[in-house]
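One structure is given here, and the rest of the page talks about it.
Just so you know, all these numbers are worked out from the coordinates, no wet-lab data involved. None of the values given here were measured: they were computed from a predicted structure. Positions of Cβ are backbone-derived with ideal geometry, glycine not excepted, and every protein chain shown enters the neighbour counts.
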Amino acid sequence: MGGDMALTDVAVRSAKPRDKDYKLADSAGLYLLVTPSGGKLWRLKYRMHGVERKLALGRYPEITLSEARKARDAAREAASGGEDPSALKRRKRIAAKIAVGTTFGAVSQEYIEKAEREGRAPATISKLRWAREWLLPMIGHRPVDQVEPHELLAVLKKQEGKAQLETARRTRAFASRVFRYAVATARAKSDPAALLVGAVAAPCPKNLAAIIEPKRVGELLRAIDAYSGQPITRLALALSPHVFVRPGELRQAEWSEFDFDAAVWRIPSKRMKMRREHVIPLSRQSLAILMEARVLSGWGRFVFPALGKPDRCLSENTANAALRRMGFDQGEMTAHGFRAMASTLLNESGKWSPDAIERALAHKDSDQVRAAYHRGAHWKERVAMAQWWSDHLDALRDGAQVLPFRAGER
């Protein structure tokens, strides 16, 4: 230790490293430890219950000499009152760590990671991340239990001002889920987002455009047959009305999911919106379209690969862009519209039980018992319905006169 004289700023600043650690003493147990790499570390020697202890007070120049002395005085005062400064510092460090983990930003990230572990669809996860991005600038840094409804409302009103009503609705719903998760994990007492239901203008529900008038369905099917764009796009459009799955389920179809001998397509649960395997009976027409596609893409993974990118499937916009090219505008028909077309016309036919149609559309059963019963039920009816529906589409495409159905006719 160099003498008992108190240190000066100049002495601290000009202290040079040596081959080994050395100490420059200040007073009352405070000293500066100078390391061979040039580090200057404030340390305090103090006694607690007769035992000598050391306490790290920080690094120079982040902590100046006068700040180090203040920290020394506070630590000695704690020690004289029977409170060990080292234990106090450890508790403060833990408290700070916990505080960082309880910001809205941290809790919302934790919530999304939990959703990922639970196997939620990638599309769902990206929507959650997107809603989180809206909230971070305003409340990301705030402790989750201190966020006020008016802070959230400011974010939602900003979206409303930009006419992003659906975005505002989703943002509020996401915030509410995060707060409920914070309540469940004992980091918040309530959900301020719950108070904002109805505080922002509701979006007008948009029904996805679909052609359901039989004559116009025929025109659409003829236009698909005559489509002069990419052959893979034409085949994806040609298969769509026959299987009427969601557009993403069709685009991402993989050859490994098809059993040509059994004439079925098994879409694994991870690709389904409802997270449940969906098995589709394939009509002769569907199989013929798939055979055509096999010539073009059978050597790869995807049935409908993107042009020039065999490891990627067709993009989300390809089918809709093709429909626009064929003269069907967005207000009349979308890739999603093939489902509404099938649902409407199958129900109107009066030939098939509503349950078989619902199962074919892979809609979720609200009743769990009914869901279990449905898994294997209606299969024979669905096989017959798939073939009848494809034959019916052919009749519409060929412009045959479509006779009205008589109730109960089979």
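For the reader, a short list of remarks on this structure follows.
- Modelled this way, with points 7 Å down the Cα-to-C-beta line, the labels at SER315 and HIS363 are 3.3 nm from one another.
- Rg in Å to one decimal, and Dmax rounded to a whole Å, for region 222-275 via C-alpha atoms: 12.5, 36
- Viscosity 1.567 mPa s, 4 °C: Kirkwood-radius Stokes-Einstein D of region 214-397 over Cα pairs, µm²/s: 77
- Residues in region 137-173 reached by a label modelled at THR185 [backbone nitrogen below 13 Å; 7 Å Cα→Cβ]: 144-145
- Listed residue (ILE267, VAL200, VAL147) projecting farthest to the positive dipole end of the chain, Cβ model: VAL147
- The chain: angle of helix 149-161 to the longest principal axis, Cα-based, in degrees nearest 10: 50
- Cα long-axis angle, helix 122-139 against the chain (0 to 90 degrees, to the nearest 10): 40
- One entry in (i) -0.56; (ii) -0.43; (iii) -0.67 is log10 I(q)/I(0) by the Debye sum over Cα atoms at q = 0.08 Å⁻¹ calculated from the shown coordinates; its label is (iii).
- Anchor LYS23: lysines whose Cα lies under 20 Å away (excluding residues fewer than 8 positions away in-chain): LYS40, LYS45, LYS54, LYS70
- Length added when fully stretched, LEU307-LYS23, from 0.36 nm per residue minus Cα-Cα: 95.2 nm
- Between LYS54 and TRP299, the modelled labels are 6.9 nm apart [label points 7 Å from Cα along Cα→Cβ].
- Rough spin-label spacing in nm, given labels placed 7 Å along Cα→Cβ, for ARG47 and ARG275: 6.3
- Residue-averaged [θ]222 nm for the chain, counting only DSSP H segments that reach four residues, each worth -39500 (n - 2.57): -15500 deg cm²/dmol
- Here the calculated FRET efficiency for GLU151 and ALA226, from their Cβ-Cβ distance with R0 = 60 Å, stands at 0.60, rounded to the nearest 0.05.
- Per residue, the convex hull around the alpha carbon atoms of region 104-196 comes to 82 Å³.
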